Structure formats: structure tokens, C-alpha cells
1. Just from the alpha-carbon atoms, what are the Rg and Dmax of the stretch 83-197 in angstroms?
2. Return the long-range amide H neighbours of Gln89 (sequence gap of 5 or more, or a different chain), with a cut-off of under 5 Å between placed amide H atoms.
3. Helix-only estimate, please: 222 nm mean residue ellipticity of the chain, summing -39500 (n - 2.57) across DSSP H runs of length 4 or more and dividing by its residues, to the nearest 500.
4. Translational diffusion coefficient of the chain at 4 °C, 1.567 mPa s, Stokes-Einstein with Kirkwood Rh over Cα pairs, in µm²/s as a whole number.
5. Mean shadow of the stretch 148-215, computed from the convex hull of its alpha carbons, in nm²?
6. Hey, what's the per residue convex hull volume over the C-alpha atoms of the stretch 1-144, in cubic angstrom?
7. How many lysine pairs in the chain, separated by 8 or more positions in sequence or lying on different chains, have Cα atoms less than 15 Å apart?
8. Say each of Leu219 and Ser157 gets a label point 7 Å from the Cα, pointing the same way as Cα to Cβ; how far apart are those two points in nm?
Amino acid sequence: MQTTQAIQLKTPRQLRYMRQAGKIVAEVLALLGEHVVPGATTAELDALAEAEVKKRGAVPSFKGYHGYPCTICASVNEQIVHGIPNGYQLKDGDILSIDVGAIYQGWHGDAAKTFAVGSASAEADRVMRATQEALRRGIAAAVPNNHLGDIGYAIQSWVEAQGLAVIRDFVGHGIGKELHEAPQVPNFGEAGAGVKLRPGMTIAIEPMVSAGDWRVKVLDDGWTAVTADGSLSAHYEHSIVITKDGPEVLTRVA
Ligand code: MF3
Ligand code: CO
């Protein structure tokens with residue numbers, strides 16, 4: 001999907017703010033990971049995330065976005081993305097995808113990671129590792145003069161070679177002054193297709209992978225997306241900037 005909206009190339013000063021937003025998101029995500037234990041509720045994790053984002057001088061970006069009510073998305077097992085935190089108590093063997101977004105001085109950071117609660121099943125472990133590797137491969141393809149489709153191709157070809165499926169209904173995105181900017185960054189695609197990647201582009205790459213089929217359903221809350229066949233799903237996301245020397249991950253703890 002090509003948008004006609006211009007893609008903003010960030011200046012060095014803008015990138016400094018985005019690095020800080022990214023660092024805050026990465027720190028909060030890492031901290032949340034330490035609290036992903038049996039018995040914890042996703043609402044508790046959300047409250048912790050909100051406090052930790054604010055403590056760092058940033059503002060939660062998801063809260064209020066098209067009416068979304070929370071700081072994090074917390075998606076358990078067959079939930080893919082946009083799970084709304086609630087009183088659900090995590091239990092041993094669950095997997096939990098946490099997505100965090102923050103705005104620092106007007107600039108956005110966005111990242112996600114799937115955590116095992118206690119001990120993960122072999123199947124859960126496989127889908128988590130494959131999705132993390134898919135993100136790594138997608139990032140590696142984000143170099144100047146490659147095309148947008150090279151990112152999606154790198155992700156999709158890896159995921160499908162593992163016998164897993166790429167979610168189609170949700171995609172990565174440009175990021176900067178807004179959480180979602182042009183271009184859309186699909187996790188599937190054709191090598192060489194789409195816009196040419198240039199230094200100064202900032203994008204969020206976020207593969208979502210199903211252990212079964214890629215089809216999704218959205219629950220009655222209007223947000224939570226689940227695999228239609230109930231398969232486990234994992235989600236990893238980084239915000240990056242494309243530099244002349246290659247991709248720089250913004251959402252990594254320094
Ligand atoms: N990383 C997700 C995305 O880019 C999180 C958005 S949550 C929302 O779609 F609430 F803001 F929609
Ligand atoms: Co995102």
C-alpha cells in the first residue's frame with residue numbers, strides 16, 4: 001500500500017528527541033519485563049508503565065489515541081495486538097506481548113516485545129524466537145537505496161520458512177511527530193517494491209506472527225485482535241532511523 005503523503009526526513013535535532021523517546025520506551029519495556037510473573041495483572045503492568053513513562057518526562061502516546069484507554073497494549077497468547085490491560089492474572093506458560101509508546105518533547109517512540117510468563121512451551125518459544133529474528137532481519141534490510149518491500153520480504157520469507165504465518169491486517173509505520181506517519185511498513189512484500197529508503201527516514205518495524213493461520217478477529221471491545229484459529233501469536237517492534245551507514249535502533253536501552 002503506497003500513500004501519497006510525503007515522508008518526513010528527520011533533522012539531527014529531531015533525531016536527538018526521537019533517541020530520547022526511544023530510550024524511554026526501551027527502559028520502560030525492560031522494566032515491565034521484570035514484572036511479567038504469574039499472578040500479576042495486565043492492569044498493574046499498565047499502571048506501572050504510565051508512572052515510569054511520566055517519571056522520565058514523557059507522555060504515554062497510546063492513551064487517548066482513537067479512544068484507546070491505556071498506556072500499554074497487553075496481548076496474551078492468541079491475542080496478537082491491541083489487547084487492553086485488565087484484571088486478567090498472568091499464569092505460568094502464558095506469553096504476553098507488551099507494546100509501549102511515549103512522546104518526549106513532541107517526538108514519538110514505539111516498541112513491543114513478547115515475554116514468557118514463567119516457563120514457555122516449546123511452541124511458544126519457537127514463535128517468540130522466530131518473530132524476534134524476523135524483526136532483526138527486517139531491520140537489517142532497512143538500508144539506504146533498498147526499498148520498503150525489501151523489509152517486508154525479509155520478514156515474510158523468514159517467517160514462512162519456519163512454517164509460521166505473518167499477520168497481514170496490522171503493519172508497521174513511519175513515526176516521528178505522529179505515532180503513525182507515512183509510509184505503512186508491511187511485514188510482507190516483494191523485494192525491490194515500494195518507496196526507496198533514504199537516510200533520515202524513521203519507521204517502526206513490527207512483525208506479528210501466528211503459529212497457525214494469519215487470519216484475525218477483533219474482539220467485541222473493538223481493539224483486541226486475536227488469531228481467528230486461536231493460535232499463539234508473538235509481536236516484536238523497534239523504532240529505527242535509517243542512516244547512511246545503515247539502520248540505527250532508537251528503542252534500545254543505551
Ligand atoms: N505499536 C502499535 C501500533 O503501532 C500500538 C498502537 S496502540 C494504539 O499500532 F492504541 F495506539 F493504537
Ligand atoms: Co507501532
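1. 15.9, 47
2. For Gln89, whose amide H was placed from the backbone, there are no distant partners under 5 Å.
3. Per the formula, -9500 deg cm²/dmol.
4. On the way: Rh = 17.8 Å.
Answer, rounded: 73 µm²/s.
5. So the Cα hull casts an average projection of 4.6 nm².
6. Normalising the Cα hull of the stretch 1-144 by residue number yields 134 Å³.
7. Total qualifying Lys-Lys pairs in the chain comes to 7.
8. About 3.7 nm, to one decimal.
The values are calculated or read from the model by the stated rules, or taken from the named source; none is laboratory data. Given the structure is predicted, the values throughout are model-derived calculations rather than measurements. Glycine also receives a Cβ, built like all others from the backbone with ideal geometry; neighbour counts cover every protein chain displayed. Just the protein is used for accessible areas: all its heavy atoms, side chains included, with ligands, DNA and RNA removed. Shrake-Rupley method; radii C 1.70, N 1.55, O 1.52, S 1.80 Å.
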